[in-house]
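The next block holds one structure in the form of structure tokens; read it before the comments.
The values are calculated or read from the model by the stated rules, or taken from the named source; none is laboratory data. Because the structure is predicted, anything quoted here is derived from the model rather than measured. Ideal geometry is used to build each Cβ from the backbone, glycine not excepted, and the neighbour counts take in all protein chains shown.
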Amino acid sequence: MRYSVVVGVIGKTNVGKSTFFSAATLLDVKIENRPFVTTEPNVGIAYVRKRCVHVDLGLPTCNPRNSTCVNGYRFIPVKLYDVPGLIKGAHRGRGLGNKFLDELRQADVLLHVVDMSGGTDEEGNPVRPGYYDPLEEIYTIEEEVDEWFYSIIAKDWEKLSRGLDVVPWDEAVNRIHRRVAGLSIRREHVVEALRAAKLEGTKPGSWREEELKLFAKKLREVAKPIVIIANKMDIPEAEDNLRRVMRSLGGRVVVPTSSLYELALRKALKSSLIKYVPGDPNFEIVDPSKLTEKQKQALDRIREFMRKYVGTGVQKALNAAVFDVLGMIVVYPVENPTKLSDKDGNVLPDAYLVKSGTTALEVAELVHTELAKGFIAAQVVNRNKRVGADYRVQDGDVIRIISALARAVS
């Protein structure tokens with residue numbers, strides 16, 4: 001299966017990254033209260049949640065293949081990388097930092113899990129809540145990621161830049177893009193970063209170190225944006241810290257979260273103790289008589305937290321990263337426009353995450369390259385219109401590709 005979005009989970013050691021990963025994927029990973037428990041990246045599948053179009057169309061149900069539908073919500077898979085904990089100096093290899101950072105090459109967006117309670121020091125060791133400043137944690141780890149970007153761009157820069165100065169600007173951009181293409185960076189990211197750094201059209205050979213660092217930072221911001229996961233919000237000291245962090249970070253995306261509570265809910269769901277759809281603001285206990293008093297008290301605390309923050313924050317964080325920050329939308333390719341199904345009769349079988357601005361032809365390429373080669377037109381079934389190759393699909397489009405080579409892919 002192809003995953004159109006890769007999400008990297010970063011953070012200092014011992015801040016709850018592995019708990020977040022387990023809560024999002026419900027895979028068993030090592031969770032211990034000490035630094036460097038995770039020494040290899042955990043890779044799993046998480047899901048973003050979107051109201052399924054079958055509800056909007058008044059259909060009783062759908063038959064998902066590449067995703068799942070629960071209570072009218074389509075859960076669409078994304079790949080999740082939990083990178084081992086970073087510390088100050090990681091970009092220079094401290095704490096195996098270079099190896100860990102290298103795992104982020106394929107990520108489209110980063111979730112920075114932060115101990116908002118201030119209960120871990122600079123090295124990731126447990127301290128009393130409120131002791132360490134989470135704002136310092138945010139700046140430190142993000143600086144490590146930016147410095148890692150810079151180290152890749154700056155390698156042999158003097159030699160590369162001499163060649164950039166003697167070619168047309170478009171070719172210079174192409175060569176810079178080739179330098180960073182291994183980081184899953186698109187050419188438009190390079191163009192946007194150069195513009196943001198006010199280096200567009202200038203001679204790369206004349207850039208000072210601070211200008212090259214600024215370009216690297218802007219490139220990271222556009223190519224691998226960061227969402228702040230304000231974790232451990234179930235600890236009282238986290239509340240004041242959150243208010244201060246949000247004031248300091250201005251318009252940054254910050255999601256209050258308790259990964260611990262979400263993991264507890266998903267385990268209870270797996271054991272059929274509760275009814276819960278990830279991302280819901282509440283849950284239902286199936287049979288209170290089957291719970292111990294300790295379990296009831298724990299669920300009461302979780303319910304109170306969810307009431308305050310409208311959920312545990314884990315699903316909200318994934319959705320914010322994919323839909324709000326990356327600007328992804330969901331489209332539903334079908335073969336039968338009357339039944340809204342594939343050739344086997346599965347209703348709305350696939351939900352594709354695509355970038356806002358994706359064309360009908362690009363959707364055809366995602367479904368099958370042969371469909372794109374023989375592209376004639378597309379039918380947007382739920383909007384009752386026929387469109388051409390350059391039509392930019394909209395969120396929730398149910399789309400049928402009309403292709404001269406359709407039989408070749410049946």
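Some points to look at:
Conditions (1) touching a helix residue (DSSP H, G or I) at 6+ places or on another chain (Cβ under 9 Å); (2) surrounded by fewer than 20 Cβ atoms within 10 Å (Cβ to Cβ); (3) touching a residue at least 12 places away in the same chain (Cβ under 8 Å), marked per residue:
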site: Lys343; (1), (2), (3): no, yes, yes
site: Ala351; (1), (2), (3): yes, no, yes
site: Thr359; (1), (2), (3): no, yes, yes
site: Glu362; (1), (2), (3): yes, yes, no
site: Glu370; (1), (2), (3): yes, yes, yes
site: Ala378; (1), (2), (3): yes, no, yes
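- Residue in region 127-149 that is at pLDDT 90 or above, surrounded by 13 or more Cβ atoms within 10 Å (Cβ to Cβ) and touching a Pro at 6+ places or on another chain (Cβ under 8 Å) present: yes
- Residue selected from region 111-126 under the condition part of a loop (DSSP other than H, G, I, E, B) and acidic (Asp, Glu), by the criterion modelled with the lowest pLDDT: Glu123
- Residue within region 62-72 that is at pLDDT 60 or above, assigned to a strand (DSSP E or B), touching a helix residue (DSSP H, G or I) at 6+ places or on another chain (Cβ under 6 Å) and not assigned by TED's automatic domain parsing to the domain that holds Ala268 present: no
- Residue match in region 3-12 (condition: closer than 30 Å to Asp342 by Cα, surrounded by fewer than 22 Cβ atoms within 10 Å (Cβ to Cβ), modelled with pLDDT of 90 or more and not β-branched (Val, Ile, Thr)): no
- Residue count, region 284-294 (criterion: assigned to a loop (DSSP other than H, G, I, E, B) and either within 13 Å of Val310 (Cα to Cα) or not hydroxyl-bearing (Ser, Thr, Tyr) (or both)): 3
- Screening Gly311 against (1) within 18 Å of Thr19 (Cβ to Cβ); (2) assigned to a helix (DSSP H, G or I) leaves a single unmet condition, (2).
Conditions (1) part of a loop (DSSP other than H, G, I, E, B); (2) within 21 Å of the chain's Cα centre (by Cα), marked per residue:
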site: Gln315; (1), (2): no, yes
site: Ala364; (1), (2): no, no
site: Arg386; (1), (2): no, no
site: Asp390; (1), (2): yes, no
site: Gly396; (1), (2): yes, yes
site: Arg400; (1), (2): no, no
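- Checking every residue in region 229-238 against the condition of being touching a Phe, Trp or Tyr at 6+ places or on another chain (Cβ under 9 Å) and under 19 Å from Gly8 (Cα atoms) gives at least one match.
- Restricting Glu158, Glu221, Glu122, Glu210 to those that are out of contact with any Asp or Glu (no Cβ under 6 Å at 6 or more places or on another chain), under 25 Å from Leu242 (Cα atoms) and not assigned by TED's automatic domain parsing to the domain that holds Gly16 reduces the list to Glu221.
- Only residues that are buried (at least 21 other Cβ atoms within 10 Å of the Cβ) and assigned to a strand (DSSP E or B) were counted across region 47-61, and they come to 3.
- Scanning region 328-360 for residues that are under 12 Å from Gln394 (Cα atoms) and assigned to a loop (DSSP other than H, G, I, E, B) yields a count of 3.
- Residue match in region 151-159 (condition: farther than 30 Å from Thr202 by Cα and part of a loop (DSSP other than H, G, I, E, B)): no
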